[in-house]
Amino acid sequence: QVQLVESGGGLVQPGGSLRLSCAASGSIFRINIMGWYRQAPGKQRELVATITSSGSTNYADSVKGRFTVSRDNAKNTAYLQMNSLKPEDTAVYYCNLHFGVMNYWGKGTPVTVSS
């Protein structure tokens, strides 16, 4: 069984920064994709960023230039550095781990951007 635990969310002012972490544990195939998704109130869950085990990244247009996804394969941990945060970034952020036909989700960490 695979478990994902997110941390690092919270309340931040517009223009501020937060760093999210996602620690994965369990039986994880070494070739995988880790990603961050978010869901704002009343909206569908959307992709924020993904990173493969080889380091290739993909970002939603809305976060390009502001967010950076990274990972430490030795620790099975992914990170999301979020800079220049905007009120519209407010959402619950979920970590995702995908390999083969397996797809796992964390429970989410809330991010609120407000003055």
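Determine whether Tyr94 is within 21 Å of Gln1 (Cβ to Cβ), open to solvent by 30 Å² or more (accessible area, probe 1.4 Å) and within 12 Å of the chain's Cα centre (by Cα). Considered against the rule, which asks whether it is within 21 Å of Gln1 (Cβ to Cβ), open to solvent by 30 Å² or more (accessible area, probe 1.4 Å) and within 12 Å of the chain's Cα centre (by Cα), Tyr94 comes out as yes.
I need a count of the residues in region 20-43 that are closer than 16 Å to Leu4 by Cα, open to solvent by 50 Å² or more (accessible area, probe 1.4 Å) and not polar (S, T, N, Q).
5
Taking residues in region 59-78 that are free of Cβ contacts under 8 Å to residues at least 60 places away in the same chain, and partners anywhere that are surrounded by fewer than 15 Cβ atoms within 10 Å (Cβ to Cβ) and of a type in the set (Ser, Thr, Tyr), the pairs with Cβ atoms closer than 8 Å and at least 6 places apart or on different chains are Arg66/Ser84; Val69/Thr57; Asn76/Ser25. Looking for whichever is within 15 Å of Met34 (Cβ to Cβ), aromatic (Phe, Trp, Tyr) and touching a Leu at 6+ places or on another chain (Cβ under 6 Å) here; the options are Tyr94, Tyr79, Tyr104, Tyr59. Which one fits? After applying the criteria, what remains is Tyr104.
The values are calculated or read from the model by the stated rules, or taken from the named source; none is laboratory data. Since we're looking at a predicted model, the values are computed, not measured. No Cβ is skipped: glycine too gets one built from the backbone with ideal geometry, and neighbour counts run over all protein chains shown. Note: accessible area is taken over every heavy atom of the protein model, side chains too, but ligands, DNA and RNA are not part of it. Shrake-Rupley method; radii C 1.70, N 1.55, O 1.52, S 1.80 Å.
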